[in-house]
Number of protein chains: 4
Amino acid sequence: MPLSVAVAGASGYAGGELLRLLATHPDVEITTVTAHSNAGQRLGAVQPHLRSLAHLELVDTTPENLSGHDVVFVALPHGKSGELTAHLDDTLVIDCGADHRLTDEAAWEKFYGGEYFGAWEYGLPELLRADGTRQRDRLAGANRIAVPGCNVTAITLGLQPGIRSNVIRPDDLVSVLAVGTSGAGKSLKTHLLASEIHGSAAPYAVGGVHRHTPEIVQNLEVSGGEGVTISFTPVLVPMSRGILATSTATLEPGASAADVRAAWELAYANEPFVHVLPEGHFPKTADVLGSNMTLIGLAVDEAADRVVVISAIDNLVKGTAGAAVQSMNIAAGLPEQAGLTVNGVAP
Amino acid sequence: MPLSVAVAGASGYAGGELLRLLATHPDVEITTVTAHSNAGQRLGAVQPHLRSLAHLELVDTTPENLSGHDVVFVALPHGKSGELTAHLDDTLVIDCGADHRLTDEAAWEKFYGGEYFGAWEYGLPELLRADGTRQRDRLAGANRIAVPGCNVTAITLGLQPGIRSNVIRPDDLVSVLAVGTSGAGKSLKTHLLASEIHGSAAPYAVGGVHRHTPEIVQNLEVSGGEGVTISFTPVLVPMSRGILATSTATLEPGASAADVRAAWELAYANEPFVHVLPEGHFPKTADVLGSNMTLIGLAVDEAADRVVVISAIDNLVKGTAGAAVQSMNIAAGLPEQAGLTVNGVAP
Amino acid sequence: MPLSVAVAGASGYAGGELLRLLATHPDVEITTVTAHSNAGQRLGAVQPHLRSLAHLELVDTTPENLSGHDVVFVALPHGKSGELTAHLDDTLVIDCGADHRLTDEAAWEKFYGGEYFGAWEYGLPELLRADGTRQRDRLAGANRIAVPGCNVTAITLGLQPGIRSNVIRPDDLVSVLAVGTSGAGKSLKTHLLASEIHGSAAPYAVGGVHRHTPEIVQNLEVSGGEGVTISFTPVLVPMSRGILATSTATLEPGASAADVRAAWELAYANEPFVHVLPEGHFPKTADVLGSNMTLIGLAVDEAADRVVVISAIDNLVKGTAGAAVQSMNIAAGLPEQAGLTVNGVAP
Amino acid sequence: MPLSVAVAGASGYAGGELLRLLATHPDVEITTVTAHSNAGQRLGAVQPHLRSLAHLELVDTTPENLSGHDVVFVALPHGKSGELTAHLDDTLVIDCGADHRLTDEAAWEKFYGGEYFGAWEYGLPELLRADGTRQRDRLAGANRIAVPGCNVTAITLGLQPGIRSNVIRPDDLVSVLAVGTSGAGKSLKTHLLASEIHGSAAPYAVGGVHRHTPEIVQNLEVSGGEGVTISFTPVLVPMSRGILATSTATLEPGASAADVRAAWELAYANEPFVHVLPEGHFPKTADVLGSNMTLIGLAVDEAADRVVVISAIDNLVKGTAGAAVQSMNIAAGLPEQAGLTVNGVAP
């Protein structure tokens, strides 16, 4: 029998992508879709690309409407999931927002704040833990999962093999990301207008102030990094989807280019959704558009004594909705790849 | 009397931009435009956006056709300017290519090579020299000028104030650039097709292998840096023009955020084509599209102990043709801003 | 047992899209992929977005390499399929090129020409025939199928209900299409460079000279139109995929807006891959990206006495590879929707 | 002595473009810039691309702040200019909005409405009048000028030569426009978000409901058309600027292709801002980006018995701000081309 599923926040970009993936998932039935101002409308009027679900009616985002499902996906702004899901005891709740990602309360207060602090199981199955396990093991049977931030996923998957294997230093990391606009959501802000974005590249949250920063540090510490420090700058570029993270780290003394390649290839040899490209090959974001795949390219810059790692994901899939589905699959004992693809839509 | 000007390579992007700027320059007359395969055609057929020059006929790129002008601009692939301009003794020759930028022959052999090594005066008037002068002083009266590479200009202008003022360390620089496609020229390559570029971000020359690397090092050494080391990664993004450079450097011990801001503001206080934005403001490339302006935003990331500098230029203007015109103006004793604008075409 | 499938021309855009769709088709096994200059390479090097097929080796496009399959898809330039597939007697051959679409030899000679004239069954299942049947009926059991041109599909599906129902006049049709660049293939042409396409809209084949014109006329005559005349202008716009066709036709005297809506809704009521949107709604191409869906919006302009029909498809899916798979499904007795989706990848 | 100029609505796209052009106009001094919610800020904070004007302070948009100038440009939403400019008796007022374009009160009531009906002199100098004059003649000395709508300009300049010369029929016109997003202004609407526009083409105002329709009809009647009827559909495409209008008209019986070409070439032989390209050449919008030029390509489709006219403008320049400056130049007795360029910024 399929799992009954509700998606809270179905009129946004993350909610829409969850529905796109769930619509072809063999083991789920989409029972409930909720919205705020769009409640009462058919989904077809709000997400016209989801033809197979066009007949669904959006209902209000309330605890009542979310109760009684096997799985509830929450795709709402920060601060909304706590109260909404407090009483869904027998339900697998997967939050695509930021509320339950951080384990450090001080960091959470500084970057987010609110009433409902408390980390859930972290929805990045590929996260390497210092004890040799992977985060995947902790997701089996979980009933509360916090999906990582999209930038965080790109950077963590890019850098963690080197941290875990001690071939790079954790204290002088630099990541600059080219990011698509959908990561900012459907919010009506002047700087997100097409006229502002076309033909332009624009940085934001410059200088270490992006909310994803403590989450990156947290992950790389889980992977064994001590004194993790990262300079992280996202740059909005004219595309709807995709994150291309260029991350660099100083080599640990004695680490060779071969050590570097071995560390990354070993880390991901059996991962269905992370692939390390051969020497001299680097990904572009179009390669992963619409897919749950992470593509990684690696180079060692001998003159600069730095590893340069390029990681590409689709921010709405592996960065959000795909990670949520992958986590559900693991938690519910389904095949990890169910409902997900590794092939991008290109060109 | 206006200067008579020839543009060699008038059918390419750099050549076209030179002509666009020169067409409204009050002190020049465009006498000759040359091309290779397009010779014999009217300019209007090849550069349809240059209506005011549509009647000009493209002639072959030969030493003969270039002789007899006051100024010759060379916008040709690497290796072409040496022989072509060897005998233009009484002419101001301004090369937009890479042939005459490097002063170090070993670096030149490694990254370029060829028969005509030999640095010309370097066409970056704002370059800060360790002796307290600026490169501008050396351009007055010059008759051979090498225009910098576009990525080089974005990074040099972004980082040199900190090097010159000893507020940042020169040995752990990282720059990641979002670059428009026109920097790659009109070459017919699969990865430059619109279908490949749309909706995608793609890195290239990853791992310290970009030819612009030694030129960046050279500049920052001129500014007083010792042991300059830079990890530099360009990322092609879906826009025709523009470079947004995100450059980071470790703070020198004791350097405060105020020291940083003072260094940059002092360096560019009187520069007509470089402007440091106020605290909390950062440029986007659309702000400088079509203009010769460089906009710079600055932040200090205390947690990462790094300065983050964002610099935005139009690769075809300040990155190429505008720098060439600015250099000509200085060399020929014209007002430095003649024919150039500081206002971008936005949105 | 799955059908064994070969794709000839696997390194191009149409070939790549065929493989993307076939990779998740439950009833096929991709056995052979062929190429010309890329033969000998792994598919992963040429189509890096197709991770699940990355291990396949491209072999030469020869009759020998294509023999012995249940189905051969041909995604090659005009003029290549005839000789290549002449002896594949027991194979279902589906040609995505133009060689076998036209039934009129004179039109074929004028717009294409070559040695292998001869129409195959036409791969547009939804084509309305004047006798009340649909083209779908003719595809069951076929062993040679010619997939329609992408612009043709958008216009035919847009206009045929009105022709078939006599609510619009067939002799004064006008269609203007906004088309993505992938329709032009991976060919290295200056006007297809990203720098030329970004931020620009450019018409081509203006004045009735596009090769798709006779095919549109042929289809609308099959639907019952007499004296079909169409002015058709495609406009390249800055996107990789998608066709948005704006087609207008004069109303037949006496035809009301209700008649118009009824004609379109009736025609497509049971079609899985064509949907008529409600009054006041119109599609955008993002709604169908990556899907086999055709979305249609309708309005009657009373002042101009014209119907305006907007039809949106993904040129690589419903316009090419999806139509090919849909046709294979019908010809081979598989479920028509197998391997195809109706949901777009948006935003 | 330069003209003192005020720009009302300086924080929008039209206002910004007016300022960009006026900043390099040799005969004006920008004295006052007004805004609504941005009043009190420096222009540099709102229009960061206008470096040379960054120091100007935005003041409230009031009659008082606009009084005392030689010229006032109004770049405000519909319905604002009437009251604001009612008492500026000795001032040349140029309205970029729609309030004073229509001469027919019924059409105005139907499509706009409000208190301040009344046509001003129409700011399209190239408009051909049935009496053999051009609109230019009426602008000399005018003190109230209404700038045309951007779509209207593209279509009128495209079709009027054929109407004026009786080589095309005025009663079956069809125009489909690919338009950039800046024409919709800086308004915060979901469908104008970059995520919605990227990689997509979207029609709007389908079916004859666009407000620009009666203005097109009015112009073509002024040019001598009787019973002018036009089906006009704009399509938003992923670019910030530019309009590419594809307009078709049925040939008058007996009109040859040579007649057609002669009509267009004759109409624009002496126009500085309209150019008819040679046979077989068609414009793209990038060719006119940032310029006041209109480029026109022409073809006769013999099979369809229709002329196809492609006209390209920059919607913010010839479509709005450039037309305003050109009109000011004529009204104030300045050289018509002052402050304007005919060369586009490409690629």
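The values are calculated or read from the model by the stated rules, or taken from the named source; none is laboratory data. What you see is a predicted model; the values in this text were computed from it and never measured. When we count neighbours, we look across all protein chains shown, and the Cβ atoms used for this are built from the backbone with ideal geometry, even at glycine. The protein model used for the area step is the full one, side chains on, heavy atoms only, and it has no ligands, DNA or RNA in it. Shrake-Rupley method; radii C 1.70, N 1.55, O 1.52, S 1.80 Å.
Computing the accessible area with a 1.4 Å probe over protein heavy atoms, can you report the carbon and sulfur percentage for the protein assembly as shown?
Numbers: 21550 of 44140 Å².
It is 49 percent, rounded to a whole number.
Measure nothing fancy, just the Cα-based angle from helix D:213-222's long axis to the longest principal axis of chain D, in degrees from 0 to 90, nearest 10.
70 degrees
Which sequence of A:Lys110, C:Lys284 reflects their accessible areas, 1.4 Å probe, from the largest down?
A:Lys110, C:Lys284
Would you list, by chain and number, the lysines whose Cα falls below 24 Å from the Cα of A:Lys318, excluding same-chain residues fewer than 8 positions away?
Partners found: A:Lys80, A:Lys186, A:Lys284.
Please list D:Glu83, C:Glu17 in order of solvent-accessible area, largest first, computed with a 1.4 Å probe with all protein chains present.
Of D:Glu83, C:Glu17, the descending order of accessible area is D:Glu83, C:Glu17.
Mean separation of Cα pairs under 8 Å and 6+ residues apart, divided by the residue count of chain D: what relative contact order is that in percent?
17 percent
Residue-wise, which Karplus ³J(HN,Hα) couplings in Hz belong to the range B:332-345, taking 6.51 cos²θ - 1.76 cosθ + 1.60, θ = phi - 60°, and x for glycine or proline?
8, x, 8, x, 4, 8, 4, x, 10, 10, 9, 9, x, 9
For the charge dipole of chain A, defined by +1 on Lys and Arg C-beta atoms and -1 on Asp and Glu C-beta atoms about the Cα centroid, which residue among A:Val317, A:Ala194, A:Thr156 has the Cα displaced farthest towards the positive pole?
The Cα lying farthest towards the positive end belongs to A:Ala194.
Taking Cα pairs under 8 Å and at least six residues apart, what relative contact order does the range D:151-317 come out at, in percent?
Values: 354 pairs, mean separation 51.7, N = 167.
Reported relative contact order: 31 percent.
7 Å along Cα→Cβ for the label point: how many nanometres lie between C:Pro253 and each equivalent label in the other copies, listed shortest first?
1.8, 9.7, 9.7
Please give me the summed charge of the neighbours of C:Cys96: other residues whose Cβ is under 15 Å from its Cβ, Lys and Arg +1, Asp and Glu -1.
That sum, taken over residues with Cβ under 15 Å, equals +1.
Where does the range B:250-334 land on Rg(C-alpha)/(2.2 N^0.38 Å)? Walk me through the numbers before you get to the answer.
Working: Rg = 14.9 Å, N = 85, 2.2 N^0.38 = 11.9 Å.
Working it through for the range B:250-334, the quotient is 1.25.
Compute and list, largest first, the equivalent-ellipsoid semi-axes of the range C:151-317 from the alpha carbon gyration tensor, each √(5λ) rounded to a whole angstrom.
Equivalent ellipsoid of the range C:151-317: 27, 17, 14 Å, largest first.
Compute, for C:Leu298, the solvent-accessible surface of its heavy atoms (probe 1.4 Å) with the complete set of protein chains present, and express it in square angstrom to the nearest 10.
For C:Leu298, the solvent-accessible surface is approximately 10 Å².
Counting only the heavy atoms of the protein chains, how much of D:His69 is accessible to a 1.4 Å probe, in Å² to the nearest 10?
Surface open to solvent at D:His69 totals about 20 Å².
Would you mind working out the magnitude of the charge dipole of chain D relative to its Cα centre, with +1 at each Lys and Arg C-beta and -1 at each Asp and Glu C-beta, to the nearest 20 Debye?
The calculation lands at about 860 debye.
Only bridges with both residues in the range C:151-317 count here: give the DSSP antiparallel percent, nearest 5.
70 percent
Note down, for the range C:5-102, the three equivalent ellipsoid semi-axes (square root of 5 times each alpha carbon gyration tensor eigenvalue), biggest first, whole angstrom.
Sorted largest first and rounded, they come to 20, 14, 13 Å.
If you line up the Cα atoms of the protein assembly as shown on their principal axes, what length do they span on each, largest first, in Å?
For the protein assembly as shown, the Cα spread along each principal axis is 84, 84, 63 Å.
What size of dipole, in debye to the nearest 20, comes out for the protein assembly as shown about its Cα centre when the only charges are +1 on Lys and Arg C-beta atoms and -1 on Asp and Glu C-beta atoms?
0 debye
What percent antiparallel are the DSSP beta bridges of the protein assembly as shown, to the nearest 5?
Here the antiparallel bridges make up roughly 45 percent for the protein assembly as shown.
Taking the label point 7 Å from Cα in the Cβ direction, how far apart in nm is B:Ala130 from each other copy of itself, listed shortest first?
Computed spacing set for this position: 4.3, 8.1, 8.8 nm.
Starting at 0 and stepping by 10 Å, how many percent of the alpha carbon pairs of chain C end up in each bin?
It works out to 6, 26, 35, 24, 8, 1, 0, in whole percents.
Stokes-Einstein diffusion coefficient for the range A:132-247 at 25 °C in a medium of 0.890 mPa s, Rh from the Kirkwood formula over Cα pairs: what value in µm²/s? Kindly include the intermediate steps, with their values, before the conclusion.
Details: Rh = 15.5 Å.
Diffusion coefficient, whole number: 159 µm²/s.
Mind checking the mean number of beta-carbon atoms from other chains within 10 Å of the Cβ atoms in A:333-344? Let's see the in-between values first.
Values: counts 0, 0, 0, 0, 0, 0, 0, 0, 5, 7, 13, 9.
Per residue, the number of nearby Cβ atoms from other chains is 3 on average.
To the nearest 10 square angstrom, what accessible area does C:Arg261 show with a 1.4 Å probe?
Surface open to solvent at C:Arg261 totals about 40 Å².
Which of the residues in the range B:30-61 show a loss of at least 40 Å² in accessible area from their chain by itself to the complete set of protein chains, at a probe of 1.4 Å?
B:Pro48, B:His49, B:Arg51
I want the antiparallel fraction of DSSP beta bridges within the range C:69-208, as a percent rounded to 5.
Antiparallel: roughly 10 percent of the beta bridges in the range C:69-208.
In nm, one decimal, shortest first: how far is the label point of A:Asp171 (7 Å from Cα along Cα to beta carbon) from the matching points in the other copies?
1.5, 8.6, 8.6
On a 1.4 Å probe surface of the protein chains, which of B:Met328, A:Met1 comes out largest in accessible area, and what is the full order?
Largest accessible area first, the list is A:Met1, B:Met328.
So how tilted is helix B:150-164 from the main axis of chain B? Cα-based, degrees 0 to 90, rounded to 10.
For B:150-164 against chain B, the angle is about 40 degrees.
Mind checking the dipole of the range C:143-202: about its Cα centre, +1 per Lys or Arg Cβ, -1 per Asp or Glu Cβ, Debye to the nearest 20?
Values: 5 positive and 3 negative charges, 52 e Å.
Once rounded to the nearest 20, the dipole reads 240 debye.
Roughly what angle does helix C:322-331 make with the longest principal axis of chain C, taking Cα atoms, 0 to 90 degrees, to the nearest 10?
Between helix and principal axis, roughly 80 degrees.
Probe of 1.4 angstrom, ligands and nucleic acids ignored: what's the accessible area per residue over the range A:224-347, in square angstrom?
25 Å²
Per residue of C:166-172, what is the mean number of Cβ atoms on other protein chains within 10 angstrom of that residue's Cβ?
Average per residue, whole number: 1.
Keeping all protein chains in place, calculate the accessible area per residue for the range B:1-147 (probe 1.4 angstrom), answer in Å².
Averaged over the residues of the range B:1-147, the accessible area is 41 Å².
Given B:Thr181, B:Ala269, B:Pro170, which one lies farthest toward the positive end of the charge dipole of the range B:151-317, if we put +1 on the Cβ of every Lys and Arg and -1 on the Cβ of every Asp and Glu?
Most positive-ward Cα: B:Thr181.
Starting from the amide H of B:Leu56, placed 1.01 Å from N in the peptide plane, find each other amide H under 5 Å away whose residue is 5 or more places distant or on another chain.
Result for B:Leu56 returns B:Leu43, B:Gly44.
When Cβ neighbours within 10 Å are restricted to other protein chains, what is their mean count per residue of peptide A:242-249?
Taking the mean over all residues of the peptide, I get 5.
For the pairing of chain B with chain A, what total accessible surface becomes buried, with a 1.4 angstrom probe, in square angstrom to the nearest 100?
In total, this chain pair buries about 3100 Å².
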